[in-house]
Amino acid sequence: MTAFRPGDRVRVRAAEKPGHVRTPGYLKGKTGEVESVLGEFRSPEDLAYGLSGEPERPLYKVGFRQTDLWGGYEGSASDRLYADVYEQWLERDEGGAR
Amino acid sequence: MSHGHPHYEAGRQTISPYAHRIRAIEALLVERGVLTEPEIQDRIAYMESRSPENGARLVARAWVDPEFKELLLSDTKAAARELGIDASGPVEFVVVENTPEVHNLIVCTLCSCYPRAILGRPPDWYKSFEYRSRAVREPRAVMREFGFEPPEGVEVAVHDSTADVRYMVLPMRPPGTEDMGEEELARLVTRDSLIGVSVPRYAED
């Protein structure tokens, strides 16, 4: 069972974690929508240090509005940025629809 | 050379300090028995056997065969296998389709993730800090610099390959190519159009 489903509003955790992290800084604290569940993978953040990376974690494709990410974004309000984010980096956005 | 830093000459080429470091690591890995020289050579041969031509063949087949297109979009590894391209391995592949409504662009902001098992090594600019930082923030400006501007009203979708999935773009078939066969179509598909910074060549080029 995965914690989130396509269509869910999620926020990328604004956590600081040292070392190898696969969540880009520009997405931290940003809210987007789960586009799809990509499968379950061993955590690259542990594999990088020779650990097993287990248990496998769900990986989501999350879509963000570009205008929510960057001030003064040049382009259409419908332009999107998609990134692949592991479940441990996501939390439910309780704010509901924006 | 007498300007304060060493130069290494191999033939006429200067070898960078990074290349020296890699060779030293490689020699150590072989010495410690982690890898063998033939394994390294096999790996190099594998990577050299991959090229954007593979992507062009996949795209051209998808343009002429709707069932193959469905397979390419739903199970990229299986589609590659049908054309004799071995894309097996731990990473997943997702092909994103350009449509009259959406134009897709691929980047890896964290490093240089790229569908290597299909397309081989990425171009140098793909790995540059400039491309990686600007493709997410100002994709339209980046595409303009590659000579491409999405038509009015088209949504730009940027895919940041941050994890275990590698992305490739399925560009739209150019107009005026209705009479072309698969091989001729494949020649229109450029590496850059598979990344999404531009679109395939037009028929009349």
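A short reminder: the numbers here are calculations on the coordinates, not readings from a lab. Nothing here was measured: the structure is a model prediction, and the numbers come from that model. All Cβ positions, even for glycine, are placed from backbone atoms using ideal geometry, and neighbour counts span all protein chains on display.
Which of the residue pairs A:K30/B:K127; A:K61/B:K69; A:K28/B:K69; A:K30/B:K69 have a Cα-Cα distance greater than 27 Å in the structure shown? Result: A:K28/B:K69; A:K30/B:K69 exceed 27 Å. Reported value for chain A: 103 Å³ per residue, from the convex hull of its C-alpha atoms. Along each principal axis, taking the top coordinate minus the bottom one, the Cα set of segment B:31-129 gives 54, 34, 21 Å in descending order.
With the charge dipole of segment B:64-154 set up from +1 on Lys and Arg Cβ and -1 on Asp and Glu Cβ about the Cα centre, the Cα lying farthest toward the positive end among the listed residues B:P150, B:C108, B:L119 is that of B:C108.
Could you work out how far helix B:52-64 tilts from the main Cα principal axis of chain B, as a 0 to 90 degree angle to the nearest 10? Approximately 10 degrees, to the nearest 10.
For chain B, a Gaussian network of Cα nodes joined below 10 Å ranks B:M180, B:M47, B:M143 by mean-square fluctuation, and the top entry is B:M180. The long axis of helix B:17-31 is offset from the longest Cα principal axis of chain B by roughly 70 degrees. When cysteine pairs in chain B are screened for C-beta atoms closer than 4.7 angstrom, the residues that find no partner are B:C111. Volume per residue of the convex hull around the Cα atoms, evaluated for segment B:88-205, comes out as 113 Å³. Give me the Debye-computed log₁₀ of I(q)/I(0) at q = 0.13, 0.18 Å⁻¹ for chain B, equal point scatterers on Cα only, no solvent, two decimals. Debye intensities relative to I(0), on a log10 scale: -0.81, -1.28.
Relative contact order of segment B:54-205, taken over Cα pairs closer than 8 Å and 6 or more residues apart, is 30 percent. Here is the size of the protein assembly as shown from its Cα atoms: Rg then Dmax, 21.1, 66 Å. Between B:L29 and A:T67, the distance separating the two model label sites (each 7 Å from Cα on the Cα→Cβ line) works out to 4.8 nm. Taking amide H as placed 1.01 Å from N in the peptide plane, A:S36 has its amide H under 5 Å from the amide H of A:K61, each at least 5 places away in sequence or on another chain.
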